[in-house]
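Participant: This structure is in structure tokens; I'll ask about it shortly.
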Amino acid sequence: MIRNYFKTAFRNLWRTKAFSMINIAGLGVALGCCMLILLYTMDEVSYDRFNVNHDNIYRLVSNSISPTGVVNKDASTGMVPGPAFKREVPEIESFLRIESGSYIVKRGNEVFNEDILYVDSNFFSVFTFPLLNGNPKTALTNDQSVVLSEDLAIKYFGTENAVGKVLQLKVGDTFKPFQVTGVTGRSPQNSSIKITMLVPLSASDGYKDDQWLNSYLNTFFTVKPGANIKAVEAKIASVYNHDAAGQIKEMAAKYDFKDRVEYKLQPLLQMHTSTDYPADNGLTDASNPVYSYILTGIALFILLIACINFVNLTVARSLKRAKEIGIRKVVGGQRNQLIMQFMGESFILSFIAFVLAIILVQVALPFFNVMANKALAFSYLLSFKLVAGYIAIFLLTGMLAGFYPAVVLSGFNPVQSLYNRQQYAGKNYLSKGLVILQFTLATFFIISTITIYSQFDYLMHFDLGYNDKNVVSVNSAGVDKQNIPLFKRELLKNPAIKYVSADQGGMWGTIAHINNGQIINFAIKHVDEDYLSLFQVPVVTGRNFSKEMVSDSATSVLVNETFVKQAGWKKPIGQVVDFFYNNHKKYNVIGVVKDYHFQSLTEKMMPLLFSMNPKYPYGNIYIKLNNNSAATALGYIQGQFKQLFPFKPYQYTFKDADNAAQYEKEAKWKQIVTFSAILTIFISCIGLFGLATLSAEKRKKEIGIRKVLGASVEGIARKLSTDFVKLVLISAVIAIPAAWWAMNKWLENYPYRIAVNSWIFLAASVFVIVIAILTVSFHSIKAAIANPVNSLRSE
């Protein structure tokens, strides 16, 4: 009997190839999505769990609360809190500090820039990173020792067994020998700490820093198992209030610091997906859990819709199998046997879809990695937990997709089935409700896709207030500042180069006094005299810096329009900015710069001050190229850079590319929502196809009678299609207000944003309606042109 079930199942699948392919495709895509997203979610929740002692490792974070109640959350500390809290709090077993940095590494005549981590000597006893070579207890005890990753050891020495070999690292202006004392394996994919090179923290410039309120590294604690964390945090607060009291008083007098600082302990396993405390200063791969929630929701929805689509298509096809069911019942077939038969067919089809899903996952994984910013491999799918999860999904899918059709079909009356009088009863409210739900979500996603695309395009083409085209940015951090004027002169000899300028790289935030002691917060940029000319930023009042004016570098500053507005100046030229915390160093305002967006457009315009203070180094050199001259100019720039700065790696980017990179989050959202819209439309159309098939089968005799009475093919096709278009219109009515609310809430995150216009809703609705009409038109036209004799003669 079981053999007969399988034979019948395969015959039916082959006989109705179109239905079978649609069902397999729908289920396969849905299962593939679930596999990918389950893989993503498992990777997210597995971060840092490989550490043996992960349950007892905490990161020290802080909340800085202003007198007005504004809370600033920070995950960085200085050198002091770690040893101070370890010394005074008995529940803390050990502390570990991690600071990010970089070194220039010399190999022969080549130089490389390598990111490094400064760490305390007990790094390997706190975190589980096995050494391939070396002793983890002593590897980081010497100031001039270094631990390399396996990849870096092979890069510099051609072998992972590099212990005892020497690297030349640039410290200050000279290269010093650092001995390799250990080699680690590749850091796990799901690690917040990625090791390339470890250097003892004692080699850091700030190692003897004694300021409580400095913040530039991560501090971790291991606490005793079973310790009361709230009690530990209370003891930490007591130590801070006692030991830092003097420095807090000094900061209040010198900087008007009035914030109250509260230290907290953040569990290691919460660090990766924390939205409160950033994972920086040596930590990587910070993630937002909202991506997991949204992706998981999309996967579950797609799987559910695919299963219900399977139900619709199976029931629609069942009317053609009515005689088979009737004959089986007449010859003695029991209902439970019919249920087993149809459930068996469901599991066979689900198994084929499952195989298809595995193939789709393997093909789609590279694209998914790009979209999700992951480096997942297909081999990860073979872990025990994931395999168990996939088997559970397969069994659940087979049950969901097969149970309802099996119950419905096995209940057919054999007499009515044999006389072709079996009807699928009811008005199909469930199926119609499903179609409305599907197309509501489809319309929602399409509106979201159009809105996000429009906002992304708006950000990418927004007038920043300066010209970032054809501007090359060369990293000059650590070079001799005295040679930069010579470098500029040499570059300007090339006719392909129009301007050369420099700034300190990025910007700093600071405060100063204006107007009889009023404090203003602002960003500061240290630039040379050609900076504004290179970027074509106009000076609206006063004048620009001039190298002919010696006082410009000593006592003069420029400010932007927002600075003037916040300061409340009517006549800004000649106003004084007092850096009261720096021995009341005073600067005179000589010009006002037109506002330009020096930050990402996700940030509001803020006050900005420019100075030419000679004591600050330059971190970036900007080169403005003539149009279509990049190919020839880049080689010339590199040659001059290597000649003047032979021990500095040459690194460059284009400024417009740097600006575009600021919107990676928006680009990710665009990909996720677009992908969701495509899948939702695809699955929704499959469901609509099934419902159209069912409708055409049910109304076969009605259509025949209409044709006999003179109805036209066009009229019949229009009537059949209109019923489904109504459902899609209802879905649009539901989706539009929901999408309008969601998109406006999303756009609130952007100070500079588009307006959600009516054309977006109209375009999305028209698109969905057209897709729906194309989906149902096949069955509508096929039913309309059918010979009415074939549908009526059975009576």
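Every number here is computed from the coordinates shown, using simple stated rules; none is lab data. Since we're looking at a predicted model, the values are computed, not measured. Positions of Cβ are backbone-derived with ideal geometry, glycine not excepted, and every protein chain shown enters the neighbour counts.
Participant: From a point 7 Å beyond the Cα of Q362 in the direction of its Cβ, which residues of segment 14-54 have a backbone N at a distance under 15 Å?
Facilitator: Residues 32 qualify, since their backbone N sits under 15 Å from the label point.
Participant: Using alpha carbons only, how many angstrom separate the centre of segment 244-284 from the centre of segment 522-556?
Facilitator: Rounded to whole Å, the Cα centres lie 35 Å apart.
Participant: Let me make sure I get this right: for segment 206-249, a, b and c are the square roots of the gyration tensor eigenvalues over alpha carbons, sorted descending. Under 1.5 in a/c it's rounded, otherwise prolate if a/b > b/c, else oblate. Which is it?
Facilitator: oblate
Participant: If amide H atoms are built 1.01 Å from N in the plane of the peptide, which residues on other chains or at least 5 residues away come under 5 Å of the amide H of K264?
Facilitator: Under 5 Å from the amide H of K264: V61, S62, N63.
Participant: Here's a follow-up. So what is the relative contact order for the chain, in percent, with contacts set as C-alpha pairs under 8 Å and at least six apart? Before the final figure, lay out each step's value.
Facilitator: Working: 1302 pairs, mean separation 118.5, N = 795.
About 15 percent, as a whole number.
Participant: Let me ask another. If you add up the charges near V199, with Lys and Arg at +1 and Asp and Glu at -1, over every other residue whose beta carbon is less than 13 angstrom from its beta carbon, what do you get?
Facilitator: So the environment of V199 carries a net charge of -3.
Participant: Please work out the FRET efficiency for the pair N369 and K194, using the Cβ-Cβ distance as r and a Förster radius of 25 Å; give the result to the nearest 0.05. Intermediate values should be presented prior to the final figure.
Facilitator: Values: r = 16 Å, r/R0 = 0.66.
The pair N369/K194 has a calculated efficiency of 0.95.
Participant: May I ask you to order 215-223, 548-556 by the average number of other C-beta atoms within 10 Å around their residues, highest value first? The partial results should precede the final answer.
Facilitator: Working: 215-223: 22.4, 548-556: 14.3.
Most protected by this proxy first, the peptides run 215-223, 548-556.
Participant: Moving on to the next point. Could you tell me which trypsin sites (Lys or Arg not before Pro) in segment 605-670 are loop residues by DSSP with no more than 12 other beta carbons within 10 angstrom of their beta carbon?
Facilitator: On the way: sites: K615, K624, K642, K655, K665, K668, K670; in loops: K615.
Passing sites in segment 605-670 are K615.
Participant: Moving on to the next point. Counting only residues 5 or more places away or on other chains, whose amide H sits under 5 Å from the amide H of T184 once H atoms are built in the peptide plane?
Facilitator: For T184, the qualifying residues are L132, L148, S149, E150.
Participant: Evaluate the relative contact order of segment 246-319 (contact order divided by residue number), counting alpha-carbon pairs under 8 angstrom at least 6 apart; express in whole percent. Can you show the working numbers first?
Facilitator: Numbers: 22 pairs, mean separation 11.1, N = 74.
Computed value for segment 246-319: 15 percent relative contact order.
Participant: In the chain, if the dipole is taken from +1 on Lys/Arg beta carbons and -1 on Asp/Glu beta carbons about the Cα centre, which of Q341, A203, N369 is farthest to the positive end?
Facilitator: Q341
Participant: Okay, next question. Compute the Rg to Rh ratio over the chain from the alpha carbon atoms, using the Kirkwood formula for Rh, and round to two decimal places.
Facilitator: Details: Rg = 34.3 Å, Rh = 32.0 Å.
Rg/Rh: 1.07.
Participant: Sticking with this one: Pairs of alpha-carbon atoms within less than 8 angstrom and 6+ residues apart define the contacts here; what relative contact order does segment 451-588 have, in percent?
Facilitator: Answer for segment 451-588 is 20 percent.
Participant: Which of V52, Q144, Q640 sits closest to the plus end of the dipole of the chain, meaning its Cα is farthest towards the positive end, when Lys and Arg get +1 and Asp and Glu get -1 on the C-beta?
Facilitator: Final value for the positive-end residue is V52.
Participant: Pull out the extension gain between V239 and N109, defined as 0.36 nm times the separation in residues minus the alpha carbon to alpha carbon distance; nm, one decimal.
Facilitator: Working: separation 130, 0.36 × 130 = 46.80 nm, distance 5.12 nm.
So the extension gain works out to 41.7 nm.
Participant: Now for a different question. To the nearest 20 Debye, how big is the dipole of the chain about its Cα centre, given +1 on the beta carbon of each Lys and Arg and -1 on that of each Asp and Glu?
Facilitator: Computed about the Cα centre, the dipole is about 3860 debye.
Participant: Taking 0.36 nm per residue of sequence separation and subtracting the Cα-Cα distance, how much length would be gained by fully extending the chain between K254 and K137, in nm to one decimal?
Facilitator: Stretched out fully, the K254 to K137 stretch lengthens by 37.8 nm.
Participant: For a Förster distance of 51 Å, can you work out the FRET efficiency between the beta-carbons of I573 and S202, rounded to the nearest 0.05?
Facilitator: Details: r = 50 Å, r/R0 = 0.98.
Efficiency computed from Cβ-Cβ geometry: 0.55.
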